[in-house]
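I have placed the structure first, in the form of structure tokens, so that the comments after it can refer back to it.
The values are calculated or read from the model by the stated rules, or taken from the named source; none is laboratory data. Computed from a prediction, not measured in an experiment: that's the story for all the values here. Cβ placement follows ideal geometry from the backbone for every residue including glycine, while neighbour counts extend to all protein chains displayed.
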Amino acid sequence: MNDSVKLARREDIAVITIDNPPVNALSPGVPEGILASVKAASEDPAVKAVVLIGAGSTFIAGADIREFGKMTAGERPRIALYPMLLAIEDSAKPVVMAIHGQAFGGGLEVAMAGHYRVIVPGAQVGQPEVKLGLIPGAGGTQRLPRLAGVAKAVEMCAFGEPVAAQEALALGIVDRVIEGDLLNGAIAFAREIAGRPARKTRERDEKLGQADPAVFASARDTARKTRRGQPAPLAAIDAVEAATRLSFEEGCQEEARLFHECLFSIQSKALIYAFFGERTVSKIPDIPKDTKAYDIRSAAVIGAGTMGGGITMNYANAGIPVRVKETSQDALDRGIATIRKNYAASVQKGRFSQAAMDERMALIRPQLNYDGFDQADIIVEAVFEGMALKKQVFAEIDAIAKSSCILASNTSTLDIDEIASATKRPQMVIGHHFFSPANVMRLLEVVRGKATSKEVIATSMALGKRLKKVAVLAGNCRGFIGNRMLAPYFREAQFLIEEGASVESVNRTLYDFGWAMGPLAVSDLAGLDVGWRIRKEFQHLEKPGVRVPLVADRLCEMGRFGQKTGRGFSRYDENRRPLPDPETAALIDEVAREAGIHRRPIAPEEIVDRCLFALINEGAWLLGEGIALRAVDIDVVYVNGYGFPAWRGGPMFYADTVGLDKVLARVEEFEARHGSDLWSPAPLLQQLARAGQTFAGYDKRGIEASA
Ligand code: T1G
């Protein structure tokens, strides 16, 4: 018993309540409090059974993730959970775990040490540790296969997805689903089972023998394919497999050994950084938590194309009625047909029911005019990426929208202040930059203009969470955070093929680094014509005499826009699989010759350094300018919007692992070779590198300064 663990009695039932807001993590003091409470209840003759429950919104969200950094830094020993788990399992009185919200990680491990588990309908159980680069470290890989069977335990521990209440019941993880009040239901259940012999999960071996060895091999295959670069999923499979070969105690020792290996891995450090990063980006230093946010009960979208359609689905998915306007019936029909097709695919995959699809479609109102736009709480413009058209649209909606309506643009590069200048209410104008496919990609870049009000920003950040997005605030500049940094990354990828690397080696090298796709493959997917149009739109801003990539423009002049035309940097077969294109290789030779570029063999290390350090250097420039609030904001943008491997933390985290002094030295080397117009080291990078500091340290100081 202590502040975070309370023990009470309801007649003959002891009730242990964990109260450690916000998510009842097993922070220091909690395991000790549980241990003491179980002991006290066991020794109390008046007690027939024990119920353990969480206060607030959830059961237990796991070990306290903040403690892992202290453990790897040697600041504190590992929190010993085993004594508490054994005390529960060996309790003389049966212990019933009452689950609501989430029983995740150490939370499910505590629950499985109990003799019975009851759950409410909306709750979930899971072992998401692999998402933090870890494995269950408190007996989860040994107890879960004993309850749910080996195959399901492998899946849950290796891939980390939660299981809902009904499925947990069917699997044998829980014993009853409680409708109505959980505590009362749990106490009634405890009275029902009191006096029955307590079943210790660690002794329930009956499901272990049923394992098909192929389960492990196929899980390893899947993990190698879908979790490239990540050791934790494979370690989790090894640990569950150990449960089928070793005694419970030996299995726990093997689990502890594998857990320790993962805990001290750079991947785990990066994934834990990314976990907290997603929470940090919602905190805007100059926008207090209690800033008034507008109430968004209805939305309207202009444009039902690829982006407009996806954005519309986000609002319908969140249960918000949404109008979508197009300029022609054909375009409107095409847009709605795509939305319907996407929903039907989700129903087919069992993501939600036909009824849920119908509900969402019913929230979408297609139209060819602005009827009802004067009632909308937010209007999102998703028209063609041209300044003139966007300003025309903003002038139109400015004339009809109600005064409290937020006017958002989905522009991916254009000046928000210039768009806002087309209205009489620039304080209500903001960028909501979604990523394609907008109904799938988690990132929402929220772009503040110089006049955008704090209320509009606060509303946008909260709305992002409601739309199941990770919202990151960016300042207004060309390309904001993501696309501004992407430009030098793509530039270097194209320079490297002019200088001698093959298209395939550039794509392969960055893919092996961990990106979802190589840069030239991404350009082919997005369509080379998109970049071509933007280059033309900004040609007037280009500094004369500065080297620019040449191949993409030549390919576009030949009508080769990438996947959509079957040819771009690569050639694509009928299944859109990329193939080397000898004609592109010949074109690159010709372009290099015309430009007087001597082609040479280029090593993978140079490909990684040129592309990544160009990206990182630009990140340091915009961080220094305040376009990004923190380095972690940049990392969250890249992990959630650009396919940067989460197990590398993000480009700025990666730079810290390399060492900013090495990054700076390389940038200066490239500046000497390619000129300062292309490779001018960012002042912030120079400052931190010379002071032996890191981007993470820069953030920490920033957060402390604004606290
Ligand atoms: N430890 C410490 N802080 C945590 C935490 C945790 N486990 N989970 C959440 N928080 C903080 C979070 O940073 C935020 O803080 C606040 O709580 C609200 O979180 C031994 C090794 C439970 C589904 O991986 O998935 O157990 O920003 O914004 O959207 O084998 O939090 O307010 O300062 O996310 O309602 C395994 C992690 C740990 C679950 C709730 N457990 N958490 O989502 O709120 S490893 C997990 C979540 C482990 C054992 C192993 C979610 C949630 P702040 P939130 P939410």
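Specify the residue that is surrounded by the fewest Cβ atoms within 10 Å (Cβ to Cβ); the eligible residues are those in region 342-365 that are without any contact (Cβ under 8 Å) to a residue 40 or more places away in the chain and among the basic types (K, R).
K349
Of everything in region 674-691, what is assigned to a helix (DSSP H, G or I), over 12 Å from R547 (Cβ atoms) and aliphatic (A, V, I, L, M)? Give them in sequence order.
Passing the criteria: L684, L685, L688, A689.
Please indicate, with yes or no, whether at least one residue in region 644-658 is aliphatic (A, V, I, L, M), surrounded by fewer than 17 Cβ atoms within 10 Å (Cβ to Cβ) and at pLDDT 95 or above.
Yes, region 644-658 has at least one match.
How many residues does region 238-251 hold that are within 16 Å of the ligand (Cβ to nearest atom) and either part of a loop (DSSP other than H, G, I, E, B) or crowded, with 24+ Cβ neighbours inside 10 Å (or both)?
4
Residue-wise test of (1) at positive phi; (2) touching a Leu at 6+ places or on another chain (Cβ under 6 Å); (3) assigned to a loop (DSSP other than H, G, I, E, B).
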| residue | (1), (2), (3) |
| --- | --- |
| E75 | no, no, yes |
| S91 | no, no, yes |
| M97 | no, yes, no |
| P121 | no, no, yes |
| V125 | no, yes, no |
| T141 | no, no, no |
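Consider region 343-383. How many of its residues are closer than 20 Å to I406 by Cα and in a loop (DSSP other than H, G, I, E, B)?
Within region 343-383, residues that are closer than 20 Å to I406 by Cα and in a loop (DSSP other than H, G, I, E, B) number 8.
Checking the conditions here, which among R478, R491 is among the basic types (K, R), touching a helix residue (DSSP H, G or I) at 6+ places or on another chain (Cβ under 9 Å) and either crowded, with 24+ Cβ neighbours inside 10 Å or closer than 25 Å to P601 by Cα (or both)?
Among R478, R491, only R491 is among the basic types (K, R), touching a helix residue (DSSP H, G or I) at 6+ places or on another chain (Cβ under 9 Å) and either crowded, with 24+ Cβ neighbours inside 10 Å or closer than 25 Å to P601 by Cα (or both).
The conditions are (1) part of a loop (DSSP other than H, G, I, E, B); (2) at pLDDT below 95; (3) out of contact with any Gly (no Cβ under 6 Å at 6 or more places or on another chain); (4) of a type outside the set (S, T, Y), and V174 fails exactly one of them. Which is it?
Among (1) part of a loop (DSSP other than H, G, I, E, B); (2) at pLDDT below 95; (3) out of contact with any Gly (no Cβ under 6 Å at 6 or more places or on another chain); (4) of a type outside the set (S, T, Y), the lone unmet condition for V174 is (2).
For A165, indicate whether it is surrounded by 23 or more Cβ atoms within 10 Å (Cβ to Cβ), modelled with pLDDT of 95 or more, within 16 Å of the ligand (Cβ to nearest atom) and not aromatic (F, W, Y).
So A165 fails the test.
Six or more apart or on different chains, Cβ atoms under 9 Å: show the pairs whose first residue is in region 118-136 and closer than 12 Å to G160 by Cβ and whose second is of a type in the set (S, T, Y).
Once the first residue is closer than 12 Å to G160 by Cβ and sits in region 118-136, its partners that are of a type in the set (S, T, Y) give Q127/T141; L132/S268; G133/S265; G133/S268; L134/S265; L134/S268; I135/T141.
Which of (1) within 11 Å of the ligand (Cβ to nearest atom); (2) surrounded by fewer than 24 Cβ atoms within 10 Å (Cβ to Cβ) is the odd one out, the single condition V130 does not satisfy?
(2)
Report, by residue number, each residue of region 556-580 that is under 24 Å from I534 (Cβ atoms) and either in a helix (DSSP H, G or I) or of a type in the set (D, E) (or both).
Scanning region 556-580 gives C556, E557, Q563, K564, T565.
Taking region 254-302 only, how many residues are within 11 Å of the ligand (Cβ to nearest atom), farther than 26 Å from V639 by Cβ and surrounded by 24 or more Cβ atoms within 10 Å (Cβ to Cβ)?
Going through region 254-302 one residue at a time, the tally reaches 1.
If we keep just the residues of region 84-114 that are of a type outside the set (A, V, I, L, M, F, W, C) and surrounded by fewer than 24 Cβ atoms within 10 Å (Cβ to Cβ), which is nearest to the ligand (Cβ to nearest atom)?
Ranking the candidates gives Q102 first.
Kindly evaluate D12 against the criterion of being among the charged types (D, E, K, R), within 16 Å of the ligand (Cβ to nearest atom) and closer than 18 Å to V96 by Cα.
Criteria not met by D12.
Residues checked against (1) within 16 Å of the ligand (Cβ to nearest atom); (2) in a helix (DSSP H, G or I); (3) more than 22 Å from A300 (Cβ to Cβ):
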site	(1), (2), (3)
T423	no, no, no
G431	no, no, no
T452	no, no, no
T459	no, yes, no
A462	yes, yes, no
K468	yes, no, no
A471	yes, no, no
N483	no, yes, yes
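Restrict the check to region 647-661 and report whether at least one residue is more than 30 Å from A438 (Cβ to Cβ), among the hydroxyl-bearing types (S, T, Y) and assigned to a helix (DSSP H, G or I).
Within region 647-661, one or more residues are more than 30 Å from A438 (Cβ to Cβ), among the hydroxyl-bearing types (S, T, Y) and assigned to a helix (DSSP H, G or I).
Quick one: in region 40-69, which of the residues that are of a type outside the set (G, A, S) and exposed (fewer than 14 other Cβ atoms within 10 Å of the Cβ) is nearest to the ligand (Cβ to nearest atom)?
Only one residue tops the list, namely R66.
Going through region 314-341 one residue at a time, which ones are under 16 Å from F352 (Cβ atoms), surrounded by 22 or more Cβ atoms within 10 Å (Cβ to Cβ) and aliphatic (A, V, I, L, M)?
Matches in region 314-341: A316, I339.
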